[in-house]
1. Are any residues in region 5-41 more than 12 Å from Val114 (Cα to Cα) and within 11 Å of the chain's Cα centre (by Cα), and if so, which ones?
2. Just one of Glu113, Glu102, Glu135 is under 23 Å from Leu21 (Cβ atoms) and acidic (Asp, Glu); which is it?
3. Please specify each residue of region 23-32 satisfying the condition of being crowded, with 18+ Cβ neighbours inside 10 Å and assigned to a loop (DSSP other than H, G, I, E, B).
4. Mind telling me which of the residues Pro77, Pro110 ends up being open to solvent by 60 Å² or more (accessible area, probe 1.4 Å), modelled with pLDDT of 95 or more and either outside any loop (DSSP other than H, G, I, E, B) or not acidic (Asp, Glu) (or both)?
5. In region 90-107, what count of residues is obtained for those that are part of a loop (DSSP other than H, G, I, E, B), more than 13 Å from the chain's Cα centre (by Cα) and more than 14 Å from Arg61 (Cα to Cα)?
6. For the subset of region 1-15 comprising residues that are open to solvent by 30 Å² or more (accessible area, probe 1.4 Å) and either in contact with a Gly (Cβ under 6 Å, 6 or more places away or on another chain) or at pLDDT below 95 (or both), which member is farthest from Gly96 (Cα to Cα)?
7. What's the number of the only condition in (1) aromatic (Phe, Trp, Tyr); (2) at pLDDT below 95; (3) more than 14 Å from the chain's Cα centre (by Cα) that Phe119 fails to meet?
8. Are any residues in region 33-48 closer than 17 Å to Trp10 by Cβ and either open to solvent by less than 70 Å² (accessible area, probe 1.4 Å) or modelled with pLDDT of 75 or more (or both), and if so, which ones?
Amino acid sequence: NEVIQEAMTWKGTPFQHQQRLKGIAVDCAGLVEGTAVALKKVPEDYKFITVYPREPDDTMRQILDKYLVSMAGALFPGCIMFFKFGRKKCMGQHLGILINDEWFLHAYEPDGEVKLTRFTVRWQHRLVNTYRFKEAHEWQG
């Protein structure tokens with residue numbers, strides 16, 4: 001799975017909010033975005049998105065709905081996972097990439113880096129939706 005292979009190259013990158021540099025600093029959105037850019041899963045005129053707040057609002061969901069394909073919560077290796085997080089636990093604000101049934105990869109501030117985390121019941125209850133990257137032909141139209 002090319003998504004998993006690319007995402008895993010970010011493992012160990014230090015966490016920093018709204019950063020996008022593999023091996024230097026990245027946040028959860030930057031991990032997903034950097035993976036998409038490396039795999040050419042974004043339109044040619046794509047510009048990095050760095051305008052989203054630390055506290056949950058609807059911005060992250062709008063970005064995901066624009067650039068990715070919703071999979072209505074279906075789980076599969078390489079899917080983009082959208083989690084409820086922060087003080088407003090009713091809204092999504094955190095991203096990860098599912099590696100297998102047991103593990104997902106994410107840039108997580110409390111751990112200070114991109115790391116694998118067990119997909120426990122606690123995380124399962126926070127899952128809002130899943131997405132996949134668009135293919136080149138899906139950008140046309």
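The values are calculated or read from the model by the stated rules, or taken from the named source; none is laboratory data. Just so it is clear, the model here is predicted, and its values are computed rather than measured. Methodologically, a virtual Cβ is constructed for each residue, glycine included, from the backbone with ideal geometry; neighbour enumeration extends over all protein chains shown. Each accessible area value is taken on the protein alone, full model and side chains, heavy atoms only, with ligands, DNA and RNA left out. Shrake-Rupley method; radii C 1.70, N 1.55, O 1.52, S 1.80 Å.
1. Passing the criteria: Glu33, Gly34, Thr35, Ala36.
2. Glu113
3. Scanning region 23-32 gives a single hit, Asp27.
4. Answer to the check: Pro77.
5. 3
6. In this case the residue turns out to be Asn1.
7. Evaluating Phe119 over (1) aromatic (Phe, Trp, Tyr); (2) at pLDDT below 95; (3) more than 14 Å from the chain's Cα centre (by Cα) leaves (2) as the failure.
8. Matches in region 33-48: Glu33, Gly34, Thr35, Ala36, Val37, Ala38, Leu39, Lys40, Lys41, Val42.
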